[in-house]
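Please read the structure below before turning to the comments.
The values are calculated or read from the model by the stated rules, or taken from the named source; none is laboratory data. The shown structure was predicted, so the numbers you read here are calculated from the model rather than taken from an experiment. Here Cβ is always computed from backbone atoms with ideal geometry, including for glycine, and neighbour counts include all displayed protein chains. Just so you know, the surface numbers come from the protein's heavy atoms only, side chains and all, with ligands and any DNA or RNA stripped out. Shrake-Rupley method; radii C 1.70, N 1.55, O 1.52, S 1.80 Å.
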Amino acid sequence: MKMKKGFFLALLLLFSLVISACGNASTSGEKAEGGGKEGKLDIFSWWTGAGEEDGLKALIKLFEEKHPDVPLENAAVAGGAGTNAKAVLASRMQGNDPPATFQVHGGAELNEGWVKAGKMESLNDLYEKEGWMDKFPESLIDLVSKDGEIYSVPVNIHRGNVLWYNKKVFEDNGLEPPATFEEFFKVADALKAKGITPLALGDKEPWAATHLLEAVLLGTLGTEDYGALFNGELKWDDAKVKTALDNYKKMLDYVNEDHSSRNWQDASQLVANGEAAMNVMGDWAKGYFVNDLKLKVNEDFGYTATPGTDGKFIVITDTFGLPKGVDNPENVKKFLSVLGSVEGQDAFNPLKGSIPARTDADVSKYDQYGKDTIEDFNSAELSPSLAHGSAAEEGFVTKVNQAVNIFVTQKDADQFINAVK
């Protein structure tokens, strides 16, 4: 199924804001030293924990085997959803010191941000050389393209609307994973009565609460109205949105009291330990469960679509491109070639918890979750992620994160609507 381009609105990366945020960065006209220290390719990302770091290391190892003469530097910056990395990246780009390549979400974050700002090189020649035009879904190529030019290479597909649950907790209490909001609240009440936290949340970084909100919005509004919310056809003060906020508010009644002091890994660990029963998080959580906590898929933990979203798929794709001004663009393209190859995607994604962006990857290398998600991606209704930079411009996402942070505490729907509309 093709992703609707209309879902992906302009990401207005205003240079005045970047300059203000990066006032200490150099603005000289000297040639950039992009490409890392001492000629190394610095691979810039925020993959520093859980399965994501394992996946990145596997990808780097594969590159080093194929190109031992090209040194790499893992320049990852810690911080969930790239909160810290994006600030560092803005400083480097404005200071004429771009990394060799950097992680960026496909959609508005890439196209209406760095591409619109004139900071990226076209990769049409690389796609033609590698024969990729029929190896990535057309909808994904659209996500990394602007005005007929392709600007980055997708390495994965993540699903955002996943409800993870502790199998033993559910089995011991005779419960089934909920498919609707009504079922969720019934299950949550039963768990709460047993002294078990129904829903784990770790919103020390506000994006995690926005991640939960976008799943509730999709589950309440449906695919069409969810998309309309971000292209202006549906207003935030619409009665349907208020119903979604009611569902969200009620779900927050079942979260752990210490949610604001936990990050997403901490929340996932509550589910792994059986201290909480459920958690809504992208499928990087699977990489954390399996790689870090050594849990088994469909034995220790289970998964299902978040309430109301069966047959729907919130898409998040990580991509890498070629910034303008790097000293060694041909070596960067060598890395992008490995990243976009079947071998590269199959080395990275099983560890990361994501599925391959390519349509011809080796499905046998993926566990049952991966197989199920690949099948769902090919058949589901696709929607862009708000929390992860595809559905709306960066300034609006920041505004939503701030409003959600307040809503989680005060639970005032009118206040939230007035803040974002």
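Structure summary
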read-out: Pairwise FRET efficiency - GLU149 versus THR180, Cβ, R0 = 35 Å, nearest 0.05; value: 0.20
read-out: Distance (nanometres) between label positions extended 7 Å along Cα→Cβ at ASN418 and ASP125; value: 5.6 nm
read-out: Options ALA179, TRP264, PHE320, ranked by Cα towards positive dipole end of the chain, top entry (Cβ charges); value: TRP264
read-out: Environment charge at GLU121 (Cβ cut-off 11 Å; Lys +1, Arg +1, Asp -1, Glu -1); value: +1
read-out: The chain, dipole about Cα centre (Lys/Arg Cβ +1, Asp/Glu Cβ -1), debye to the nearest 20; value: 480 debye
read-out: Charge dipole (the chain, unit charges on Cβ, about Cα centre) - positive-most of ALA208, GLN103, HIS67; value: ALA208
read-out: Convex hull projection area averaged over all views, the stretch 292-421, Cα basis, nm²; value: 11.8 nm²
read-out: C-alpha center-to-center spacing [the stretch 329-382, the stretch 222-283] in angstrom; value: 27 Å
read-out: Efficiency of FRET between LYS399 and LYS324 - r from beta-carbon atoms, R0 30 angstrom, step 0.05; value: 0.55
read-out: Two-site FRET efficiency, GLU65 against VAL363, from Cβ-Cβ distance with R₀ of 30 Å, rounded to 0.05; value: 0.80
read-out: GNM result for the chain, Cα springs below 10 Å: residue of ALA357, ALA239, ALA208 fluctuating most strongly; value: ALA239
read-out: Residues of type lysines that LYS365 reaches as a straight line, Cα spacing below 21 Å, ignoring anything fewer than 8 places off in the same chain; value: LYS57, LYS61, LYS66, LYS135, LYS286, LYS294, LYS296, LYS352
read-out: Average projection area in nm² (convex hull over Cα atoms of the stretch 149-262, one quarter of hull surface); value: 9.7 nm²
read-out: Per residue accessible area in Å² of the chain, where ligands, DNA and RNA are left out and the probe is 1.4 Å; value: 40 Å²
read-out: nm² value of the averaged projected area, convex hull over the Cα atoms of the stretch 145-191; value: 5.6 nm²
read-out: Inter-site label distance for LYS371 and ASN263 at 7 Å from Cα along Cβ, in nm; value: 3.3 nm
read-out: Cα centre as origin, Lys/Arg/Asp/Glu Cβ charges: the stretch 212-341 dipole, Debye; value: 300 debye
